[in-house]
1. Quick one: in the range B:459-526, what % of C-alpha pairs are over 15 Å apart?
2. Restricting to Cα pairs below 8 Å that are 6+ residues apart, what does the relative contact order work out to for chain B? Please round to a whole percent.
3. Report, to the nearest 10°, how far helix B:138-160 tilts away from the longest principal axis of the Cα atoms in chain B, using its own Cα long axis and a range of 0 to 90°.
4. By the scheme Lys and Arg +1, Asp and Glu -1, what is the net charge of all other residues having a beta-carbon under 12 Å from that of B:Asn529?
5. Just how large is the dipole of chain B about the Cα centre, in debye to the nearest 20, putting +1 at every Lys and Arg Cβ and -1 at every Asp and Glu Cβ?
6. Mean separation of Cα pairs under 8 Å and 6+ residues apart, divided by the residue count of the range B:415-502: what relative contact order is that in percent?
7. Specify which residue in the list B:Leu77, B:Ser134, B:His332 is farthest towards the positive end of the charge dipole of chain B, using unit charges on the beta carbon of Lys, Arg (+1) and Asp, Glu (-1), about the Cα centre.
8. First select every other residue whose beta carbon is under 11 angstrom from the beta carbon of B:Met447; then total the charges, Lys and Arg +1, Asp and Glu -1.
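Since every read-out is calculated from the coordinates, none of them should be taken as a lab result. Keep in mind that this is a model prediction, so the values were computed, not measured. Cβ placement follows ideal geometry from the backbone for every residue including glycine, while neighbour counts extend to all protein chains displayed.
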Amino acid sequence: MIPVPRFTDDVADLPTTKFGTSSLTWWGILGYMVIEGAAFGLAFAAYFFLMGHEQGWPPEGRQAPNLLFGTLFTIVILLSEIPNTAIKKAAHKRDVPAIRALMPVIVAIGAVLLVIRGFEFNNLNCRWTDNAYASIVWALLLLHTVHIMTDWFDTIVLWLLMRTDLGWEGRRLVDTDENSLYWRYVWLLWIPIYLMIYWVPRL
Amino acid sequence: MNAPDRIREQDEKLARERKAIVRDGPKLKGAELAARLDRTWRRPPGILGWLATVDHKEIGRRYIVTALIFLALGGALALLMRLQLARPDNNLISASRYNELFTMHGSTMMFLFAVPVMEGIAVYIIPLMLGTRSTAFPRLNAFSYFMYLFGGLMLWGAFALNIGPDIGWFAYTPLSGPQFSPGKRADVWAQMITFTEVAALAAAVVLTCTILKCRAPGMTLARMPLFAWAMLVVAVMIIFSMPSIALASSMLISDRLVGTNFFNAYEHGDALLWQHLFWFFGHPEVYIIFLPATGFVSVITETFCRRPVFAYPVVVLSLVSTGILAFGLWVHHMFATGLPRVGYSFYTAASMTVAIPTALQIFCWLATMWDGRPRLAVPMLYVIGFIVTFVIGGLTGVIIAAVPLDLELHDTYFIVAHFHYVLIGGAVFPLLGILTYWYPKFTGRMMHEALGKIGFWLLFLGFQLAFFPMHFAGLLGMPRRVYTYPAGLGLELPNLLSTIGAFAVALAVVLFVTNGLFSLYRGVLAPANPWGAASLEWATSSPPPAYNFAHIPVVESQTPLWDSPAELPVVTGLRVDQKEMLLTTVVAAAPDLREPVPEPSLWPFISAVAVGVLFISSIFSPWAIVFGAIPSAIALTAWFWPKDMNRLPEPVIS
């Protein structure tokens, strides 16, 4: 027998969108961030595990990667947080015109970053087939490149969507807010990778 | 602010339209509400509707049925191995075929049966148990199932084409590396891992978000059913551990395909790096399989002893601490590789420590039985069988946590006996119990009780006969993974007994399946709550309608249906003409948001096909990753992109 309902409260007046921890997608994104963070963390562990076997790092006869492009990449990605924060704030204020103006900026920065990344690969002073050191350095840089590319791509998709009338919808503003959150994660993760690829071999 | 006039006019018009939306409530209830909800929630019929469904019950059912088919396949391989080992110097199966058999058996059981079946049950039952209408991200859920299915089909397709893996279920390097495993067998294994990891991780995110955000109002974390607690811990464990095997298998495949040197000792790589990464996943994996089963045991014990599980907070803390400790044990799989002394001491201590929370849980169940009035129906029999068998397996676990004994017993049949005691005793027994218990909810009919009891005793006794002698075979020095053994070492009797026992287990499983199929058509019709249970999945009809609950229930204690069996407090006000669910706050479960539930969509299936093509072709060429990314990106974008570009009064995910 199915119990008879006893009516208590009515939830019809609840909102359908909220920013932050109320949002279901916020939790979903957090889940995927932790997954990616765990993968990166274990890749870092593998890096230090392999380093522990070597007399020198990079192994003898090898040069550490050239600093120029990696450092340039770091500066640009850190500066990208300025438009990123502006977009996040605009989403909270439902300032759709500002979002529409700023998103192409962040998409362009993503494109610049990918170009610099190409030069970074060329300046590692090793090929992935050389030895274990080279393999793990390439792996770290490649993993982060995939991270950048996926976020760059979905930022483009979101930008196109924000240009339509649906850009005024609360759900899309939450998407914008959470996309900015994710970009922060992308550059935060880059900092330890930058140190591992470019500075640990110089210690 | 600064919206153009046109948008402001739209906003005002939408606000007016919002008032006219039909919602459930005292004025719209009963048969009329049911009919309208059914129209909204029912998926389109036909094969396309089947592929497009986002109903968690359908997806959960597919997960369970698929996993049980893989159980049968993996079990058939076990029987072949037992036939080969029935007598000494047997040549029924060649050494290399035998390698394939144990690899396929282990990989199938761990990756295609044990984890997916637990997730499948959770995907089906958790939303019902929490009093909600859907899982979080139901399309991701559908995608997860298809990825799992394709991974399983690829592995078994390869096996059928005689390119099945033959490197053991943990695929140790350097054996699995390019030098010692040329050909594609190891790559098939590595990509099967990728498929099942993507699937398991997606399901873990779905379950975590469902448990944290979709509970019925009033179901605070302290009132959550113990099975939901177990699955929350498991989902978080999956999120932290499975990236490790995904990373390791990617490194393996890149060593094999593009010549990296992660595991290649000649270029300063390290085979032990594989073991660390594998077991950092592999040990938590054991608890990922075991903890859902402890949730089953708590559910069954509560219902059949007719009292809440003794010391609820202790059980919850045991689950959480087991989940944390499980990440500090992985090195005990590597005692034989040579470790620093402090490493031996630390991991021995940690391995013994994990027995404490598990023992606490067992004491809580025993106390519940002691204090309650246990009814020995089939599910409860499985619980008792579980306790007996699991305690034996747990004790041999404490034995091999000690380094000197482990070095003696490593890679012998003692280990095989140990992990079958904890995995079959610890997970499969409760699984069969819970399948019997939830069968009426899944199908609307009861399983046959007498047949179930015969099946239980056959399984319980057959299992002991199959696996208890393996302890002795192991103590006598019989190594695992060797296709035969010489006569005259005293191994004949234990092996023959094990083979007989294995066939008894197989017969019991056949009996269980027969019972399941027979009851599907001839079983006694089940009422909404046939066992007189306390949790919310029993507050709706058996099987539940597409929308689960006509009104969203409100929870006032840990055992809602025992408080007032005849009436159920509910909240009202969700949409009737569109799919909608209620989100609540994470800790207190106060109503927070109304959330649209996605319409059925083919895009998760198409995305799974695109990603599947990428994974399978990347076995053959690294360029597949580049070219395969394009259709995958298109499919995933189409999945997300709104199909109706008009603004609506309230959000709809079309």
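1. Beyond 15 Å sits 61 percent of the P(r) for the range B:459-526.
2. Working: 1073 pairs, mean separation 135.7, N = 654.
Computed value for chain B: 21 percent relative contact order.
3. So the inclination is approximately 30 degrees.
4. On the way: positive: B:Lys441; negative: B:Glu537.
The answer is 0.
5. With Lys and Arg at +1 and Asp and Glu at -1, about 1380 debye.
6. 35
7. So the residue furthest toward the plus end is B:Ser134.
8. Details: positive: B:Arg445, B:Lys453, B:Arg522; negative: B:Glu449.
Residues near B:Met447 contribute +2 overall.
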